[in-house]
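The values are calculated or read from the model by the stated rules, or taken from the named source; none is laboratory data. No experiment lies behind these values; they were computed from the predicted model shown. Neighbour counts run over all protein chains shown; Cβ positions are idealised from the backbone, glycine included. The accessibility values were calculated without ligands, DNA or RNA, using every heavy atom of the protein model including side chains. Shrake-Rupley method; radii C 1.70, N 1.55, O 1.52, S 1.80 Å.
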Amino acid sequence: MHNFSRKKIDPAIVLILLFAAGFSLLAFLVMSNAVFPADMAIISFVQGFESPLFTTVMRFFTFIGSFPVVLVISVLILLLLFKLYKQKAELIVFMIVLVGSPLFNELLKRFFHRVRPEYHRLIDIGGFSFPSGHSMNAFSLYGILAFLLWRHIRSRAGRTALVLFSVFMILLIGLSRIYLGVHYPSDVLGGYTASGCWVAVVIWSFQKYKDKRKQQMKSEGD
């Protein structure tokens, strides 16, 4: 009898493949216009809830999802993380994710050249539509923040609150773009999947770096 050791599949690799496959499928549907009827139906449904109060709320979430505001929030979080945990490697990971996300978004938008919806806009904005920059910013910021803080929060209640807050912010910022008429739902989903792939790649690289450092320290100790 031979014993074969099964190598565990890295969860980060699985996430990278899933997000990449999801984005590729969305990109194909967008380029072929196959998703357009569903996009318009969802926009019509979401904007059916239009009211002055809801518009104010959605404008607020769009505002905090814009890159300048995300940048300010990121700087404050960087300072807080460094003060609390003194983990330079984690701060570098955080910065790589936040700086790379808008650059990746701009590259994708220039490639796909999708025009923004003209159905019923509640705010004026220029530029291309796919994938949503706000959605990518939100997923990158709150996704990597959840990953980094999870490692330092031990209680189940604290971790649950962290995940719920991150999901809430990501979803509401994406929803605000649909409600305000500046993005198709597929743009928002495209932003989530593109950013998810990017964040997973950075996390995978970070884990590999940590594993390599552990091996080096172990060999030096021996």
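Close Cβ contacts (under 9 Å, 6 or more residues apart or on different chains) running from residues in segment 51-66 that are closer than 14 Å to Arg121 by Cα to residues that are of a type outside the set (Lys, Arg) and open to solvent by 20 Å² or more (accessible area, probe 1.4 Å) comprise Thr55/Leu122; Met58/Leu122; Met58/Leu172; Met58/Leu175; Arg59/Leu122; Arg59/Ile123; Thr62/Ile123; Thr62/His134.
Candidates are the residues of segment 159-186 that are over 18 Å from Val199 (Cα atoms) and of a type in the set (S, T, N, Q); the one that is surrounded by the most Cβ atoms within 10 Å (Cβ to Cβ) is Ser176. For Tyr119, the conditions (1) within 13 Å of the chain's Cα centre (by Cα); (2) closer than 28 Å to Val46 by Cα; (3) at pLDDT below 95 all hold with the exception of (1).
Per-residue answers, yes or no, for (1) among the polar types (S, T, N, Q); (2) closer than 15 Å to Arg177 by Cβ; (3) touching a Lys or Arg at 6+ places or on another chain (Cβ under 7 Å):
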| residue | (1), (2), (3) |
| --- | --- |
| Leu29 | no, no, no |
| Ser32 | yes, no, no |
| Pro37 | no, no, no |
| Ile43 | no, yes, no |
| Val57 | no, yes, no |
| Ile64 | no, yes, no |
| Phe67 | no, yes, no |
| Leu71 | no, no, no |
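Of all residues in segment 67-110, those that are open to solvent by 30 Å² or more (accessible area, probe 1.4 Å), of a type in the set (Val, Ile, Thr) and either outside any helix (DSSP H, G or I) or without any contact (Cβ under 8 Å) to a residue 24 or more places away in the chain (or both) total 4.
Listed by first and then second residue, the pairs linking a residue in segment 130-158 that is surrounded by 14 or more Cβ atoms within 10 Å (Cβ to Cβ) to a residue that is assigned to a loop (DSSP other than H, G, I, E, B) and not acidic (Asp, Glu), with Cβ atoms under 6 Å apart and 6 or more places separating them unless they lie on different chains, are Phe130/Arg114; Ser132/His183; His134/Gly65; Asn137/Gly65; Ala138/Gly65. One residue alone among Phe28, Phe49, Phe45 is surrounded by 10 or more Cβ atoms within 10 Å (Cβ to Cβ), under 21 Å from the mean Cα position of the chain (by Cα) and aromatic (Phe, Trp, Tyr), and that residue is Phe28.
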